[in-house]
Each structure stands twice: as C-alpha cells, then as structure tokens.
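The values are calculated or read from the model by the stated rules, or taken from the named source; none is laboratory data. A quick note: this is a predicted structure, and the numbers were derived from the prediction, not measured. As a convention, Cβ positions derive from the backbone with ideal geometry for all residues, glycine included, and neighbour counts pool all protein chains shown. Quick note on the areas: whole protein, heavy atoms, side chains included, nothing else; ligands and nucleic acids left out. Shrake-Rupley method; radii C 1.70, N 1.55, O 1.52, S 1.80 Å.
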Protein chains: 2
Amino acid sequence: MEIEKDLKLEDFDNSDKYIIKVNNSEKFIKNFRNTKNTLFACTISSIETTKTIPISGVNAKVIDYTPAADMELVVLGKSVSLAHPPIDATNCPSPATITRAVVDLLKTSCITIDAGCNVKPKIPHILAEKEPTGDINVGKGIKNSKLLVETGKILGKHLICDKLILGESVPGGTTTAMGVLIGLGYDVRDKISSGSVANPKDLKLSVIQNGLSELKTMTEKASSYDIMNAVGDNMIAINAGICISLAERNIPVLLAGGGQMAGVLSIIKEISPETLTKELIGISTTEFVYNDPNADLQGILNQIGKIPTYISKFDYEKSSVDGLKAYCSGSVKEGVGAGAMATYAYLNGLKPEDIREYIEKYYYEWYNEIL
Amino acid sequence: MEIEKDLKLEDFDNSDKYIIKVNNSEKFIKNFRNTKNTLFACTISSIETTKTIPISGVNAKVIDYTPAADMELVVLGKSVSLAHPPIDATNCPSPATITRAVVDLLKTSCITIDAGCNVKPKIPHILAEKEPTGDINVGKGIKNSKLLVETGKILGKHLICDKLILGESVPGGTTTAMGVLIGLGYDVRDKISSGSVANPKDLKLSVIQNGLSELKTMTEKASSYDIMNAVGDNMIAINAGICISLAERNIPVLLAGGGQMAGVLSIIKEISPETLTKELIGISTTEFVYNDPNADLQGILNQIGKIPTYISKFDYEKSSVDGLKAYCSGSVKEGVGAGAMATYAYLNGLKPEDIREYIEKYYYEWYNEIL
C-alpha cells in the first residue's frame, strides 16, 4: 500500500526513453500528457524566392504542391494535390508521414492555416494570408508583417483547445528563419539545419545578405517588423501572433520544429517578451535536427532564453524501408510538426516503433506508383 | 437546508422567460448551459442567382460584401469590407449585431467557414469551397453537393468544441432552402420567412420551379444530392456534413436560423437519418421568424421530425433606436446566428436588455457615417 501511494503518474511515463528533455519544465510539459482537446495546427506558405534560387532542397517541379500534399496526407491519409506524398531524391518520405501516424493513432484534431500557398490544399483550411511570402533576395519577404502578427492574434483568440501543437510546412523556410535571426543580431553561423543532406549555407547567407542590405539604407534602427518584412516569411509572423494570443489565454503551445520555430521564438521575444516568461511556450523537434553535425539548434535557443525544449527519438535505423533509414543519414529531418507530434505521442503511451510500423505499413501504398 | 438541497441549477435559470421552448429536450439543451468551449461557426456563401434576380432583400450593390462584413463585425467589432455593418432600407441593422453582442459579452470563440463568398472576409476564415453557389434559376446551384457534404464531414471531424452553434450568412439563402425542401417533397407553401418585410414569394417559387424543372427531365428519381445540385446552396451541404460528423463524435449542435436551417435538417434526414435520433441536433431562431405571419417554421419542422426547437425573445419594442424597433415590424428578422446566439446568451445569464443595450451603445458608432 505504501508503495502504491508513492507512485505518481510520472512513474508510469516511460517517455524519458524516447524524449531528450534538453530543458525540462514539468509545469509546461504536463499539459501535453493527455489527449483531450489537443489541436495540431500547421501554417503553410510558399516563398517566391524558391522559384529562382534553390535555397530549398525540395524538387522545383513539386515545390508549390508540397505544403498542400503534406497536410492532405496528415488529414486524409493520402495526398490529393500530388500523385503521392512528398518524397526526396533518397526516397525519404515527407515528415508529414510521422505526423499522419500520430494524428491517426491518437485521433488528433488538425487545422491547416494557409499563410500564402501557391497551391491550396484540397481540404478545409483557414485562409490567413492570400499572397505568398515574397522574394527575400530583394528584401521583400512579407508585405506587412505587423498585420500578419495581428491576424495570428485574432486566430489565436478564437481557437478552442486545451493545448496547441503548432507546426509549419514552408519550403525554403530555414532561410527565412535564418534571415530573421541574423537580422535581430543572433549568431546563427553553422547553427540552422536544412531539409537536405547538403545544406547550401553559402547560398542561403548570400540571399539573406542581399535581403538585409535593403534595410541598411534606412537611417533608423530596423524594427523586428522591418526585418520580417525584408527576409521573413508569412508563417513566422502568423505563428508568433498565435502564440502571443494563446499565452494570454493561458493555453500552452508546443512549437513544432527546429530553426524555423527558433525564428518564431525570436520574434515573440521582440514584440511580446512577457509571452515567454510564463512557461507556456515550448519547442520540440526531432533528433535528426538536434544532432545534425552541420547545425546547433541548442546554440540558438540558448541565445533566446530558457525555452522548454524536447527532442523526440526515432528508431528508423531498425527500418526495413531504405527511405526511412535515410532519415538517419540526414535526409529531410523534420517538418509538418513531426518532431513535436512524436514527443506528444511518447507522452501519451506510444513508442518509436508504433510510428515506424505505421509508416512502414502504408509506405508502399502511398508510393506504389514510383517504387 | 431542506429547501437548498432541493434546488437545482434549473431553478436559477430564468431563461424560460426569454426562450420559447417549442419542443424541449433537456438532454439536448443542458449542453448549452455553460460557456466552456462553445464554438460559434458561421458558413457564408454568395449565390449567383442574386446578381440577376432579386430573390434576396439585400441591396444589390452590397450583396457580395454582406457575409464578409457580417462576420468581420462579429469577430472584430467592426466591418472592414464595407464602410459600416450591413443595414437595410429601414435602417434596421444586420442580425450580426446581435451575434456580436453575445460573442463579446460571453467571449465566444468564432470561426467563419467560406463556402464560396465572392468577397472574402478580412479575418482568418476556413476555406471550404472556392466557387460560389451557382444560378439555381437554371438548376445549377451546387457543382458537387456530395463532395461538399464530405468536406463538411472532414471539417466536423477536426473541430474542437464541447458544443457548436452553427449559423449562416447567405443572401438569397431562404430561396435555396425552399428549393431543397420543395424538391424533397415538403409542403413549404407560405411557411418560409424572408429577410425583408415584403417576401417575394412568387418570384422565389418561379425560380425554384425553373431550377427543379431541369431535374424532371431525368428518368430516375432525383436523389437529395441531385436536388441540392439543382436548387441548393453550398452552405446547406457543408452544414449538413458538419452536423453528421459532430453527432458521430457526440458533440451537440444548435442550428442557428429558421427556414435555412430547416433546409439543412431536411438534408441530414435524407442522407444520415440516425444523426437526428440522438437528441444532438437542435434548432433555434428569433421570435421575429417564429411569429412571422407570412411564414410557419413550426409547420416545416413538424414535417421533418421531433427537433429540439428554441425561440429567442427580444425587447426591441423598448428600444430608443428606430432601426432596432424595425425588427418588430418584420425587417431583417434573423441571420448570422442571431436567434441561437440569443438563446445561448439567455441560458447563460444574459437578458434581452443586455443584448439591446450593447447594440444601442455601438449603433451610432457603427453607423455614424450614414445616420
């Protein structure tokens, strides 16, 4: 009896095995230890720069279709805007497959937030911004980032959930995140991952420098809105607004991603620093991003502040599918909420093998036309 | 002590004074007796027929802007797509003013569902269908109503709420509702209200007959989808789908409106009759619709089945604003969720005077440019 009395919920939670709690806040993470009224929201946008400059690893032919096809997979279990879910040159499937597994296994509610996608997903989605993110190479990333933050705030004011997992699908979005962080004075050298094995860092930096050079001609100090307008993307502004509103309503948000969500955090810190003081905003990404030898997410987060940080592990090395094993060699890594959704899954009784086996089961069905 | 023990929540609920419980289901309505996780969703659409045939009382110049301006008022407290919230020739303000009052006083979460509006609201909104409802005069109301019902079902599967209040803003929508009901064989003669004092019934009937005549050339019996495709509107199909999904998840829905929601109920009865057997779908409208001498809502609902039905009273006869008093003479009557939102307000401690005084307070601010 004594023993039983001393046992707490945490003792039954073996998520420590599958989650690296880099910066743990029990107050924060306990909110995600049940599945009631969990909402997964994913903000998607195209970036015009990707049409002419290969800052994204996504195949140019399908880049406009990728966010739509990702969220169709998450919500419907199949992609409609493309013949199959996005897949890279190493046959590595979109991270949306991970999110789909969790959404289906835990019956999670999803919404797609369109922040300017050239191809609209063929599922109901929230239109938050019509125009895509512009060309950051000429300093025209966002038309009016202040308005987009306000849009995000309105959206956040009306979302019903007990906790939110907030992701993105923005091809080219690691460059815009780097741009915002550099513009705000962060040291991000060799710290931001890429969706491809070969991270075109020099190209990304030169695009960002081109974009930010537009700001230097201004006499006054550039505001965080100016910086977003020059080199940011629509997702960053909208997700920042959503976080600010939800924190005001005491609803916790787990930002789903690595460098891109660090970009969101850096903007929140500028325009609403109190939002980050309440242990209501955390971040989670995959081990593939966290352990990326070409990046240092923790090095960026440490500059922003003490953010609850959770890294989800996978067991893809055990996979019978080469395309999944490719994750272990640096392909794809993260996106469409994958890392945080895995963390959420492990907090609620699932194991890495549950996600892997789900994807292995559907892999050949999803990709039967090309394999 | 004895007395206290015997008192129940209902004894403190004086909503009987302000709500006519035409067909009461305590099991159903008790769900709406608290404000936790209540979602108000409003599905909006344009109807192409209104461009050439005056089946709607809304001024032709602003008809395309009306749904957008209505929902902007509800969410933001002001219209953006128009210089002021919609108002009719009698200076009678849009029913969105009632919904705005309740949303603001009870801090209700709102979403706008775009089912094909020619003018998009300048607030985040869910895109469910891009194309407006077509021309019912030629039997081309909905392109693919089966697909739209499925879209509504997907949406309903992912909405988080404890209970939903589901409304519409569809200029011309009383005619499409009549069309669907007539197509399904209901007797709706002199039974459906209009948003104007003079209800152009003959014109509406002739449009519906034109639209339905297309169906008569078919050899087999027309399905409910065929009927919707001929003379229905996008809102009816989407709202029906949402109701079916939510009932599957045991989440109650209060349909907000009169004849238009009777149209939704008639479709649900055809394609998912079990949805109506669980006391999870009710309807609520204003006394202005219910007591309309030119209509008979109850006469329609009785043909559909035993639907929990609630009528909200107002005290606009006491108003100092002539435009509000105009409701008592048959102007506007209902729309944008007004009747059900008032019922919801009365179930949660508000009184008719709270709504009236809120609108009186803002009336001259909203309409200062034209009064």
Odd one out for B:Arg189 among (1) of a type in the set (D, E, K, R); (2) away from chain A (no Cβ under 14 Å); (3) touching a Gly at 6+ places or on another chain (Cβ under 8 Å)
(3)
Which one of A:Tyr65, A:Tyr18 is over 18 Å from A:Leu254 (Cβ atoms) and among the aromatic types (Phe, Trp, Tyr)?
A:Tyr65
Residue pairs qualifying under the 7 Å Cβ cut-off, at least six apart or on distinct chains, with the first in segment B:67-82 being in contact (Cβ under 8 Å) with a residue 24 or more places away in the chain and the second being β-branched (Val, Ile, Thr) and open to solvent by 20 Å² or more (accessible area, probe 1.4 Å), are B:Ala68/B:Val119; B:Glu72/B:Val80; B:Val75/A:Ile154; B:Ser81/B:Val119
Any chance segment B:320-331 includes a residue that's open to solvent by 40 Å² or more (accessible area, probe 1.4 Å), more than 27 Å from B:Met178 (Cβ to Cβ) and of a type in the set (Ser, Thr, Tyr)?
yes
Wholly inside segment A:314-371, helices (runs of 4 or more DSSP H) that include 3 or more residues that are modelled with pLDDT under 95, hydrophobic (A, V, I, L, M, F, W, C) and touching a His at 6+ places or on another chain (Cβ under 7 Å) are none
Within segment B:346-371, count every residue that is open to solvent by 60 Å² or more (accessible area, probe 1.4 Å) and among the aliphatic types (A, V, I, L, M).
2
Out of A:Val180, A:Val231, A:Val149, report the one residue that is within 14 Å of chain B (Cβ to nearest Cβ), in contact (Cβ under 8 Å) with a residue 40 or more places away in the chain and crowded, with 20+ Cβ neighbours inside 10 Å.
A:Val149
Top-ranked residue of segment B:158-177 - restricted to ones that are assigned to a helix (DSSP H, G or I) and more than 8 Å from every other protein chain (Cβ to nearest Cβ), ranked as farthest from A:Cys110 (Cα to Cα):
B:Thr175
Please verify whether A:Ile111 is farther than 20 Å from B:Lys157 by Cβ and not hydroxyl-bearing (Ser, Thr, Tyr), treating the condition exactly as stated.
no
